[in-house]
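All remarks here apply to the structure that follows.
The values are calculated or read from the model by the stated rules, or taken from the named source; none is laboratory data. These numbers were taken from a predicted model, which means no experiment stands behind them. With ideal geometry, Cβ positions are generated from the backbone for all residues, glycine too; neighbour counts draw on all protein chains shown. The accessibility values were calculated without ligands, DNA or RNA, using every heavy atom of the protein model including side chains. Shrake-Rupley method; radii C 1.70, N 1.55, O 1.52, S 1.80 Å.
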Amino acid sequence: MLGKGARNMSADVRRVWVDRIREERKARGWDKPEMARQLAHAAGEDRSSLPSHESLLSYVKRWERGDVEQISERYRLLYARAFGTTEEAIFGEDEDEVNRRGFVGSSLAATFGLAVPAGADTASGRRIGADTVARLRRRTARLRRLDDVLGGADTYRVYLAELKATSALADEASYTDATGRALMAVVAEQAQQVGWSAFDAGWHPLAHQHFKDSLAAASDAGDTSLIANALAYLAYQKVSTGQPGTGEADASCRVADSSATPRTVRALLYERAAWAHAVAGDSAAADEALDRAQDALADGGRAASEPDWAGWVDQTELEIMSGRCWSALGDHARAVPALTHALGRYDDTHARDKALYLTWLADAHLDAGDVEQAAAVTGRALSLCADVASVRPQRRIDAALQRLRPHRTVSGVADVIEQAEELLKRSPGSPSPDMRPSRREA
C-alpha cells in the first residue's frame, strides 16, 4: 500500500504529463476529437486494431483529466508520433517546469520548421545580400505563428534566441547600405515580437527595453511603419500598467499617417490609439480613432505591401477593439452586441486572446445589470486561459471575479468563482526569465 508521500509524488508525476499532452494538443490547434483522429493516424497500418473513434475520444478526455496513473506503452508511442517528439519528452518523470517550457517552445519551433536560429550558421565577415534578409523575414513570419497558440512565458526564449542571432549577423556580416537598412528592419520587427512576449508574460521592464530598442532599430532602418508600431507598443504598455499613453499613441498615428503606409498598419495604429483614449475616458477621441481605423481597412488601394506583423488586423479584430473601447467607457449598449457578434466568429484556438476579449464582454454585461450572463462569459474565459502562460487574461479575469463576488447568490456566480480557484491555481503562470538580453536585444 502506498504511503501518503508516495501517492503525492505519483499525483505530481501524473500532473506533469497530463499538462504536457493538453498543452501540445492546444498548441497545434487540435480539439479533443482531432487529437483522437491524430492518434489513430499515428498508428498507421495498425489503425484497424484500435478502438472506435468514440472510444479513443473518451480515452483522450480521461487522460487529460488525469483519471489514470499512466498511459499504456502503446498510446505513449502514438502520442509521441502524433506530436513528432519522443516518449521521454512527454511522459518523462524528472523534468521540471523550466524544461517543460523548453520542450514546448522547441517542439513547436520544430513543427513550424524553425529548429535553429536563422543567423546561427553565418560566419563572421560573410557578405550577405537581399536574399538572406528575405529568408530572415519569412522565418520571422513563421515564428510569429507561435504567438497564436502560446503565451509569452513560453515564446520569449524562442524569440529572443532569434533576435540575438539576427543582431549578431548585423554586427558581424558585411553588406550594402540597402541590405543593412533592410536587415535593421528585421531586427526591429523581431525586437517588437520579443517585447510583446515579455509584455504578455508580465515582465514589463524587459518589454519596455525591447520596445525602445525596436524603435532605435526601426529608426536606423528608416522604416516609418515599424517606428510607428514601436511607439504604439510603448503606448499600449503604458495604458496596460495604469499610465496615460495617448501621447505616444497619437504620435504613432502621425508618423504613419500617409497613403504610402499599408492599410493594416494604419488600422492597427488607430485602433490602439482608440484604446488609449478610451481608457483615458475620452469617448469622442476614441470614436474618432475607431472611425479612422475603419477608413484605413476600407481603403481598397494598396500603396504598399501589407507586412505580416499587421496581417491579423481585419474587420473582426476592429469590431473586437471597438467593443473593448466601449466597454472601458461604460457604454454597454454598444459593447455587448459588438463583442458578442465578433467573438462568435473568433476561433477558440486563439485561447489567450479570446479569453482576454471575453472579460470585456463580461464587464459590459455587468454594467448592463446582467450578472448571470457575466458569470457565464467569465466561465468561458476561465476555461480558455487556464493552460496559457500569459498573465494578461488571468489578471482581467481576477478583476471580473472581484466584481462578481458581491453577487454570489445569483445563479452561476458561486460556480464560476469555485471554477476560478481550481483552474487558476493550476495555470502555468509566468515565472521570471532566467536570461537577460544585452545591448540591442534588451
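Evaluating Glu317 against the criteria (1) buried (at least 18 other Cβ atoms within 10 Å of the Cβ); (2) without any contact (Cβ under 8 Å) to a residue 40 or more places away in the chain; (3) within 24 Å of Arg138 (Cα to Cα) leaves one unmet condition, (2). Every residue in segment 247-293 that is touching a residue at least 40 places away in the same chain (Cβ under 8 Å) and of a type in the set (Asp, Glu), please. Of everything in segment 247-293, just one residue is touching a residue at least 40 places away in the same chain (Cβ under 8 Å) and of a type in the set (Asp, Glu), namely Glu271. For segment 217-263, the set of residues classified as within 18 Å of Asp287 (Cα to Cα) and of a type in the set (Ser, Thr, Tyr) consists of Tyr236, Thr246, Ser252, listed by residue number. In segment 363-374, the residue that is surrounded by the most Cβ atoms within 10 Å (Cβ to Cβ) out of those that are in contact (Cβ under 8 Å) with a residue 40 or more places away in the chain and in contact with a helix residue (DSSP H, G or I) (Cβ under 6 Å, 6 or more places away or on another chain) is Ala364. When each of Glu418, Glu422 is tested for being surrounded by fewer than 14 Cβ atoms within 10 Å (Cβ to Cβ) and either touching a strand residue (DSSP E or B) at 6+ places or on another chain (Cβ under 8 Å) or modelled with pLDDT of 85 or more (or both), the lone residue that passes is Glu418.
Rundown of residues vs (1) at pLDDT 90 or above; (2) under 25 Å from the mean Cα position of the chain (by Cα), yes/no style:
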| residue | (1), (2) |
| --- | --- |
| Trp360 | yes, yes |
| Ala381 | yes, yes |
| Leu384 | no, yes |
| Arg395 | no, yes |
| Pro406 | yes, no |
| Ser438 | no, yes |
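For segment 150-177, residues that are of a type in the set (S, T, N, Q) and buried (at least 19 other Cβ atoms within 10 Å of the Cβ) total 3. When you look at Glu271, is it out of contact with any Ser or Thr (no Cβ under 9 Å at 6 or more places or on another chain), over 21 Å from Ala182 (Cβ atoms) and of a type in the set (Asp, Glu), yes or no? When the stated conditions are applied, Glu271 does not pass them. The residue that is least open to solvent (accessible area, probe 1.4 Å), among those in segment 375-413 that are farther than 30 Å from Ala198 by Cα and assigned to a loop (DSSP other than H, G, I, E, B), is Gly412. Going by what's in this entry, would Ser327 be described as crowded, with 24+ Cβ neighbours inside 10 Å, modelled with pLDDT of 90 or more and out of contact with any strand residue (DSSP E or B) (no Cβ under 7 Å at 6 or more places or on another chain)? Criteria met by Ser327.
The set of residues in segment 73-84 that are without any contact (Cβ under 8 Å) to a residue 24 or more places away in the chain and hydroxyl-bearing (Ser, Thr, Tyr) is empty. Checked against the criterion of being among the basic types (Lys, Arg), at pLDDT 50 or above and under 28 Å from Tyr159 (Cα atoms), the candidates Arg127, Arg76 yield just one match: Arg127. Where helices (runs of 4 or more DSSP H) fall wholly inside segment 1-69, the ranges with 3 or more residues that are of a type outside the set (Ser, Thr, Tyr), within 25 Å of the chain's Cα centre (by Cα) and at pLDDT below 80 are 4-27. Cβ-Cβ distance below 7 Å, separation of 6 or more or different chains: which pairs start in segment 54-71 with a residue that is within 13 Å of Met35 (Cβ to Cβ) and of a type in the set (A, V, I, L, M) and end on one that is part of a loop (DSSP other than H, G, I, E, B) and at pLDDT below 90? From segment 54-71, the pairs are Leu56/Leu50.
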